[in-house]
Structure formats: C-alpha cells, structure tokens
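> One structure coming up, written as structure tokens, with questions to follow.
The values are calculated or read from the model by the stated rules, or taken from the named source; none is laboratory data. Since the model is a prediction, treat every value here as computed from it, not as a measurement. Positions of Cβ are backbone-derived with ideal geometry, glycine not excepted, and every protein chain shown enters the neighbour counts.
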Amino acid sequence: MSSTEQPQPTSTGTRPRVLVLFGGRSGEHAISCATAGAVLRAVDRERYDVLPIGITPSGRWVRVADDPDRWSITDGRLPEVEDVPEQVLLPQEAGSREMQVLEPGSPATTLGDVDVVLPLLHGPFGEDGTLQGMLELADVRYVGAGVLASAVGMDKHFMKIALAGAGLPIGPFVTLRGDDLDRDRDGVRARIEALGLPLFVKPARAGSSIGITRITDLADLPAAVAEAQRHDPKVVVEAGIVGREIECAVLGGRAGAPARASLPGEIVVTDATHGFYDFEAKYLDEAAVELTCPADLPDDVIARVQDVAVRTFDAVDCEGLARVDVFVTPDGEVVVNEINTMPGFTPFSMYPRMWAQSGLAYPDLLDELLRLALERPTGLR
C-alpha cells in the first residue's frame, strides 16, 4: 500500500467522512472510550473528516468532544460518555447517508452525510452483531466483522463450536446456562471435574477479562459462576492449559486477497497478585505485565501461530480485523483460546503493537481498516 494513495472518494468528491462511534451499554464502556481517544488522536485529518459520536451507558447516541485527552484513562479515572438531552439518528432509509440530531423542542437538524462508521465498541450491544445489524439495516458501511462473525466471536460457546467444526485445536470446556449448577449439581460437577484443575470460569459473552475467575478448588466453583453470571447468564468453564499466552493480529485482505497475519506477541503477567491477565493487569496496573512483540518463538512456531490465526479468522467468516489469542504448549502445539473481532486499539494495545512490529504503523493501520470498509459493499457479500 502506498502512503500517498488516497482513500476512496465519496459521491460528492470530498474526503470520506468517518463516524467514530464509541462508549456503549456494556461493562467495557470505559475501554471503548479509551480506544476512541487514541483513534481520534491518530486518524489522518488530511485524508478523512471525522464525526465523533458517543453512546451513553443507557444507550443514547450523542455528539461528543473531538478531544483525545477527554477519553483517555488518566490516574485510574475511567472515561464515560455523559447523558445529554439530545439523540443522534442514523440514516432513516437505504441509500441515505445523512445523520440527524434531535434536541428537545426542536425539529431534527442534519449532521451531514457519513461514508463509513468506525465502531469502537467492545462487548454486548456493540461487538456482538447487534450494532452491525443496525448498520446493515441503515445500509451504512462500517469497519470490521459483519453480523454473524461478530455474534459468533462474542459468544465463547458458539465460537468454540465453530472453530472445532473447522478442525482448529481448542481446549476442553463446559457451558452452563441459568441455574444448571443448582438443578443438576452432581452431573454438572462431574463434567467440570473431568476438565481438571485449574479452571477458568468466564461470562460467555464478555471481554476485557471482566467477570473471569481462576479457581484451583472445585469448592470455589459456585462463587465463580455467580461472579460470571453478574455479567452474563451464560457461562463457559474452561480447562486450564499449560502454555505461553500468544496473540496474533489479523487484517483482512484488499480486493479479495487473503487475510494477513502479523508477527505474534506474548503476554507475561509478572505480578503474582493478579494470577492471570485480568482487567486490572490489562488497564490499571501496567507494571504488572510484560508485553513482548515479536514473541520469542522459533520460526516454525511463529508460522503455525500465523496459520492458525488466519484459519480462525476465516472459520467465523470474519472481515476487517481480529486478534486471535492462542496458547503455545511446551511441545509446540498451538491451541486457540479465542478470537476478538474488535480488539483494544490504543497505541499500547497488542493489536496495533503487533502490526507496528510487522511494518504497519498505527495511523497507517487505521487508514488500511477504513479503506477495507470503504471498498466493501453493503448487504449480502
């Protein structure tokens, strides 16, 4: 890709207009805001016009400040989109690209047209296919995975089924719904006991390590399930896998070309008080974690990680971008942990760091993602 190549022009011949959308109703609201701050700082304003729109925790779409500092995590303060008495509306019919805003006591006014949405939302109501379906209904182009890939990637249960069906290696797991643990305590306990220890108890449809508990004693299982169900009634219990935690960034191909994999990176939690790569270690305690990229792996293992990452991307019919997390076992086996279809995107997040180490700097990576979305047709594809 040439650095002088211009983005696809709009129908009016002007710079493409990007709606940067962030916040949302999930428990990852603050992380979405932090990602947006980094994007607003890095996006090339000579190539793109930018319209930042926030979604409040209650689900209201509002205009927000185009100020990267406003959305950063500073001294442990988590940013939030504040509620205001207005509502931003998507285009109301296919073929229209006009955004509107409604204010109390006033008729709707226009915010102008948008050419592509950059949805920087993590978790439910943003990364799980719901927002993608809304954008498809509005016939608006957007960055990233479509409805199906977003939904499958968000649900760890169905993600594992899809990956296993594609012949990809996954770890043993058990899925719990509702009150399964109370209704069939002996049966459920036997299935989970067969997984061995330690175990990781996770909300099936959450990210950023929210609601996850590592347990080394089955007596702690009910409390761990209760903690996960504070975030999602559906829970996945996974067998602990001995291995190094390796990540690989995947980027969709241009003009029908195959997806591309970055050099892999590695996460090492150096502070034993965290136990694993939890929310605090990811976002609030940088000293507790070492993020190494490229990972110190033999060339043949790097090639296997990259191959598994691209196959995982293709298995869920992903588009645009994804981060694939794997374990590399002591004997060199690569086991898929999960795919994240909207990974963290601050300059310190692993996804852009891995691409930077692979020769694609943060602003150029943003540009590539926007180009991919602008060239992709809306509707069935």
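> Given the conditions (1) surrounded by fewer than 18 Cβ atoms within 10 Å (Cβ to Cβ); (2) in a strand (DSSP E or B); (3) acidic (D, E), and given that E238 satisfies all but one, which numbered condition is not satisfied?
Here E238 meets the rest and fails (1).
> Right, next: Is it the case that the range 241-248 has a residue that's more than 25 Å from A295 (Cβ to Cβ) and in contact with a strand residue (DSSP E or B) (Cβ under 7 Å, 6 or more places away or on another chain)? So that I can check it myself, show each step before the final result.
Step one: list which residues in the range 241-248 are more than 25 Å from A295 (Cβ to Cβ), which gives none.
No, every residue in the range 241-248 fails to be more than 25 Å from A295 (Cβ to Cβ) and in contact with a strand residue (DSSP E or B) (Cβ under 7 Å, 6 or more places away or on another chain).
> Got a number for residues in the range 154-185 being of a type outside the set (V, I, T) and either part of a strand (DSSP E or B) or closer than 24 Å to D367 by Cα (or both)? Before the answer, list the steps.
Step one: filter the range 154-185 for residues of a type outside the set (V, I, T), giving 154-160, 162-169, 171-173, 176-185.
Now drop any that are not either part of a strand (DSSP E or B) or closer than 24 Å to D367 by Cα (or both), which leaves 173, 176-177.
Number satisfying all stated conditions: 3.
> Looking only at the range 189-211, filter to residues that are among the β-branched types (V, I, T) and at pLDDT 95 or above; which one of those is nearest to the chain's Cα centre (by Cα)? I'd like the intermediate steps shown before the answer.
Within the range 189-211, the subset among the β-branched types (V, I, T) is 192, 201, 210.
From the residues that got through so far, the ones that are at pLDDT 95 or above too are 192, 201.
Details: I192: 28, V201: 20 Å.
Among those that are among the β-branched types (V, I, T) and at pLDDT 95 or above, it is V201.
> Moving on. In the range 322-338, which residue that is out of contact with any strand residue (DSSP E or B) (no Cβ under 6 Å at 6 or more places or on another chain) and not small (G, A, S) is surrounded by the fewest Cβ atoms within 10 Å (Cβ to Cβ)? Give the steps one after another, and end with the answer.
We begin by selecting, within the range 322-338, every residue out of contact with any strand residue (DSSP E or B) (no Cβ under 6 Å at 6 or more places or on another chain); these are 329-333.
Then keep just the ones that are not small (G, A, S); that gives 329-331, 333.
On the way: T329: 14, P330: 8, D331: 6, E333: 14.
Among those that are out of contact with any strand residue (DSSP E or B) (no Cβ under 6 Å at 6 or more places or on another chain) and not small (G, A, S), it is D331.
> Still on this model: Please go through the range 186-226 and pick out each residue that is part of a helix (DSSP H, G or I) and among the charged types (D, E, K, R). Steps first, please.
Taking the range 186-226 first, the residues part of a helix (DSSP H, G or I) are 186-193, 218-226.
Within the range 186-226, D186, R189, R191, E193, D220 qualify.
> Restricting the first residue to the range 111-131 and requiring it to be among the polar types (S, T, N, Q), which pairs with a second residue that is buried (at least 24 other Cβ atoms within 10 Å of the Cβ) meet a Cβ separation below 9 Å and a spacing of at least six or different chains?
Short answer, once both residue conditions are applied: T130/S150.
> In addition: Which residues, counting only those in the range 58-83, are buried (at least 16 other Cβ atoms within 10 Å of the Cβ) and among the polar types (S, T, N, Q)?
Of everything in the range 58-83, just one residue is buried (at least 16 other Cβ atoms within 10 Å of the Cβ) and among the polar types (S, T, N, Q), namely S72.
> Conditions first: (1) touching a Cys at 6+ places or on another chain (Cβ under 9 Å); (2) farther than 15 Å from A204 by Cβ. A166 passes all but one, so which condition is the exception?
(1)
> May I pose another question? Does I55 satisfy the criteria of being touching a residue at least 60 places away in the same chain (Cβ under 8 Å), surrounded by 14 or more Cβ atoms within 10 Å (Cβ to Cβ) and either in contact with a Lys or Arg (Cβ under 9 Å, 6 or more places away or on another chain) or under 20 Å from V140 (Cβ atoms) (or both)?
On the way: touching a residue at least 60 places away in the same chain (Cβ under 8 Å): yes; surrounded by 14 or more Cβ atoms within 10 Å (Cβ to Cβ): yes; either in contact with a Lys or Arg (Cβ under 9 Å, 6 or more places away or on another chain) or under 20 Å from V140 (Cβ atoms) (or both): yes.
The answer is yes for I55.
> Look at the range 55-94 and say how many of its residues are under 18 Å from P347 (Cα atoms), of a type in the set (A, V, I, L, M, F, W, C) and in contact with a Gly (Cβ under 8 Å, 6 or more places away or on another chain).
1
> Is it fair to say R177 is charged (D, E, K, R) and touching a strand residue (DSSP E or B) at 6+ places or on another chain (Cβ under 7 Å)?
Values: charged (D, E, K, R): yes; touching a strand residue (DSSP E or B) at 6+ places or on another chain (Cβ under 7 Å): yes.
So R177 fits the description; yes.
> If only one of L197, L181, L221, L163 is in the same structural domain as V305 (by TED's automatic domain parsing) and either surrounded by 17 or more Cβ atoms within 10 Å (Cβ to Cβ) or closer than 17 Å to F327 by Cβ (or both), which one is it? Spell out how you get there, then give the answer.
Numbers: L197 fails: in the same structural domain as V305 (by TED's automatic domain parsing); L181 fails: in the same structural domain as V305 (by TED's automatic domain parsing); L221 fails: in the same structural domain as V305 (by TED's automatic domain parsing).
Every option except L163 fails the conditions.
> When the residues of the range 358-381 are narrowed to those that are part of a loop (DSSP other than H, G, I, E, B) and of a type in the set (A, V, I, L, M), which ends up farthest from V308 (Cα to Cα)?
If we filter the range 358-381 for residues that are part of a loop (DSSP other than H, G, I, E, B), which is where we start, we get 358-361, 376-381.
Add one more test, that the residue is of a type in the set (A, V, I, L, M), and what stays is 360-361, 380.
On the way: L360: 21, A361: 24, L380: 27 Å.
Residue satisfying both the conditions and the ranking: L380.
> Here's a follow-up. Just to be sure I understand the filter: pairs with C-beta atoms under 7 Å, separated by 6 or more residues or on different chains, first member in the range 83-95 and more than 10 Å from A138 (Cβ to Cβ), second member exposed (fewer than 10 other Cβ atoms within 10 Å of the Cβ) and small (G, A, S). Which pairs pass?
D83/S58
> Could you pull out every one of the helices (runs of 4 or more DSSP H) wholly within the range 270-357 that has 2 or more residues that are under 27 Å from L369 (Cα atoms) and at pLDDT 95 or above? Walk me through how you get there before you give the answer.
Working: elements: 279-283, 299-315, 350-357.
Once the helices (runs of 4 or more DSSP H) in the range 270-357 are filtered for at least 2 residues that are under 27 Å from L369 (Cα atoms) and at pLDDT 95 or above, what remains is 299-315, 350-357.
> State which residue is surrounded by the most Cβ atoms within 10 Å (Cβ to Cβ) when the search covers only the range 97-133 and only residues that are small (G, A, S) and farther than 12 Å from T341 by Cβ.
Quick first cut of the range 97-133, residues small (G, A, S) only: 105-106, 108, 112, 123, 126, 129, 133.
Next, from what is left, pick out any that are farther than 12 Å from T341 by Cβ: 105-106, 108, 112, 133.
Details: G105: 5, S106: 9, A108: 13, G112: 11, G133: 15.
The qualifying residue surrounded by the most Cβ atoms within 10 Å (Cβ to Cβ) is G133.
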